[in-house]
Amino acid sequence: MIDRLAPEQLSAVRRLLEVMLDPVSRKLATAPMEDEPISEEEQRAVEASKAWFEKNGGKGIPHEQILAEFGPQTDDSR
């Protein structure tokens with residue numbers, strides 16, 4: 001059956017097997033999305049960030065721009 005799979009299907013099967021066999025990946029895959037209640041303030045912040053992202057055409061801020069404004073240069077992050 002593996003011989004009949006397309007290359008992109010093989011990638012998916014490989015990833016699935018890796019997750020199934022790696023205990024950390026398995027825990028992450030089955031972990032609940034959120035295990036603590038979200039406050040109204042946090043919910044408002046999430047909604048504001050989603051609105052900002054949508055307003056900007058679904059594009060975030062490039063990593064290099066963040067580094068230029070707030071911290072080390074690109075070479076330092078590698």
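The values are calculated or read from the model by the stated rules, or taken from the named source; none is laboratory data. This structure is a prediction, so every number in the text was calculated from the model and none was measured. Virtual Cβ from ideal backbone geometry, glycine too; neighbours counted across all protein chains shown.
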Matching entry among S25, S49 (being modelled with pLDDT of 90 or more and in a helix (DSSP H, G or I)) = S49
Name the residues in the range 6-22 that are in a loop (DSSP other than H, G, I, E, B) and modelled with pLDDT of 90 or more, would you?
-> A6
Any residue in the range 40-55 that is exposed (fewer than 10 other Cβ atoms within 10 Å of the Cβ), among the small types (G, A, S) and free of Cβ contacts under 8 Å to residues at least 24 places away in the same chain?
-> no
D35 meets each of (1) in contact with a Ser or Thr (Cβ under 8 Å, 6 or more places away or on another chain); (2) part of a loop (DSSP other than H, G, I, E, B) with one exception, condition (1)
